[in-house]
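Enquirer: Here it is, the structure, as structure tokens.
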Amino acid sequence: MAVIDVKNFAKSFDGKPVHKNVSFQVKEGECLGLLGGSGVGKSVVLRSLIGLEKPDSGEIFIEGEEISNFSEHQLIPIRTKVAYVFQNGALFDSMSVFENLAYPLREHTKLNESEIKNRIHEQLTEFGLEDAEFKSPSQLSGGMQKRVGLARSIIIRPKVVLYDEPTAGLDPYNTVKIQEMILRMKDKGVTSVFVTHDMPSAFNVCDRMVLLLNGAVAAEGTVEELNKDPDGLLQRFVRGERA
Ligand SMILES: Nc1ncnc2c1ncn2[C@@H]1O[C@H](COP(=O)(O)OP(=O)(O)OP(=O)(O)O)[C@@H](O)[C@H]1O
Ligand SMILES: [Mg+2]
């Protein structure tokens, strides 16, 4: 059974169809790259996977549960299982890094204070962020804030992580650090969807990619298949050619 199964997803905004018929699956432990030009609807698909948007028609299965008509209450366990990494890190400026990471642990787990301390310290050390623990987000560079934001998204140990342009605007050093964080999550068996315009990162972390075009999946393949087929639609997209 696929961990994520999107079937015939359709959605319009203000009468304009953005998604006509989008279907794809993500298997357990796999990282799927979700590619496509600006405005094609990648973020809307990601948001729909945690119930922040509802499809007009079609179905979204998370581990076999159809969630598109779930209530906010029914979505609570889905949002514990599926983490969303927001583009800007979305840290609370008035709280230290420690408090930012403690927040989801206090909300979603039953860990006691000393377990929370240990978990945060372990997570920050694993990602090379231990010096940031008692700083406020405003004392960190944009790249560090994004890395801390990623650490916060995954601190409750989700089974699935959705990354929306996690490397956008980052320098090569922080980009590589983010790639390493994603690969580490993969090593732990996490299933993920990676939305990006950063092709080197996509090729480094994804197992398979799908290309959204004109409201549907226009092409898909494993990274190996893509590397073998330079004239395919996906490769042409990657090279910046108009589809
Ligand atoms: N809440 C909304 N209300 C109206 N239109 C919306 C809403 N959310 C998304 N859209 C529209 O849906 C389309 C897809 O948006 P989306 O943000 O998913 O694109 P994207 O593929 O993530 O683009 P980018 O690569 O630039 O981030 C856009 O035309 C956008 O304007
Ligand atoms: Mg987007």
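The values are calculated or read from the model by the stated rules, or taken from the named source; none is laboratory data. All values reported here derive from a predicted model rather than from experimental measurement. All Cβ positions, even for glycine, are placed from backbone atoms using ideal geometry, and neighbour counts span all protein chains on display. For accessibility, only protein heavy atoms count, side chains too; no ligands or nucleic acids. Shrake-Rupley method; radii C 1.70, N 1.55, O 1.52, S 1.80 Å.
Enquirer: Within the set of other residues whose C-beta is less than 9 Å from the C-beta of S48, count the net charge using Lys and Arg as +1 and Asp and Glu as -1.
Expert: Every neighbour counted, the sum reads +2.
Enquirer: Continuing with the same structure: Setting aside same-chain residues fewer than 8 positions from K110, which aspartates and glutamates have a Cα under 19 Å from its Cα?
Expert: E99, E122
Enquirer: Specify the inter-centroid distance of the stretch 1-56 and the stretch 175-211, based on alpha-carbon positions, in whole Å.
Expert: Result: 18 Å between the Cα centres.
Enquirer: Let me ask something additional. Counting other Cβ atoms within 10 Å of each Cβ, which chymotrypsin sites (Phe, Trp or Tyr not before Pro) in the stretch 118-190 have at most 13 and sit in a DSSP loop?
Expert: F134
Enquirer: Counting DSSP beta bridges in the chain, what percent are antiparallel, to the nearest 5?
Expert: Counting only bridges with both partners in the chain, antiparallel ones make up about 55 percent.
Enquirer: From the helices alone, meaning DSSP H stretches of at least four residues, give me the mean residue ellipticity at 222 nm for the chain, per-run term -39500 (n - 2.57), in deg cm²/dmol to the nearest 500. Walk me through the numbers before you get to the answer.
Expert: Values: 9 runs with 92 residues, N = 243.
It comes out at -11000 deg cm²/dmol, rounded to the nearest 500.
Enquirer: Hey, another quick one. Which of the trypsin sites (Lys or Arg not before Pro) found in the stretch 198-243 are loop residues per DSSP with 16 or fewer other Cβ atoms within 10 Å of their Cβ? Let's see the in-between values first.
Expert: On the way: sites: R208, K228, R236, R239, R242; in loops: R239, R242.
When the trypsin sites (Lys or Arg not before Pro) of the stretch 198-243 are filtered for loop state and at most 16 Cβ neighbours within 10 Å, R239, R242 remain.
Enquirer: Report, in listed order, any pair from K135/K177; K16/K188; K20/K188; K11/K135; K20/K146; K54/K228 with a Cα-Cα distance greater than 31 Å.
Expert: K16/K188; K20/K188; K11/K135; K20/K146; K54/K228
Enquirer: For the chain, with every protein chain kept in place, what is the accessible area per residue (1.4 Å probe, Å²)?
Expert: Using a 1.4 Å probe on heavy atoms only, each residue of the chain averages 48 Å².
Enquirer: Under a Cβ-Cβ cut-off of 14 Å, what is the net charge of the residues other than E133 that fall near it, where Lys and Arg count +1 and Asp and Glu count -1?
Expert: 0
Enquirer: Then there is this: Compute the relative contact order of the chain as a whole-number percentage, counting only Cα pairs closer than 8 Å that sit 6 or more residues apart in sequence.
Expert: This gives 27 percent for the chain.
Enquirer: Under unit Cβ charges (Lys, Arg +1; Asp, Glu -1), what dipole magnitude, rounded to 20 debye, does the chain have relative to its Cα centre?
Expert: Using only the charged Cβ atoms, the result is roughly 220 debye.
Enquirer: What does the charge add up to near A216, with Lys and Arg as +1, Asp and Glu as -1, over the other residues with Cβ less than 14 Å from its Cβ?
Expert: Value of the local net charge: +3.
Enquirer: Let me ask something else about it. Of the accessible area of the stretch 4-238, with the probe set at 1.4 angstrom, what percent is carbon plus sulfur?
Expert: Percent of accessible area from carbon and sulfur atoms in the stretch 4-238: 49.
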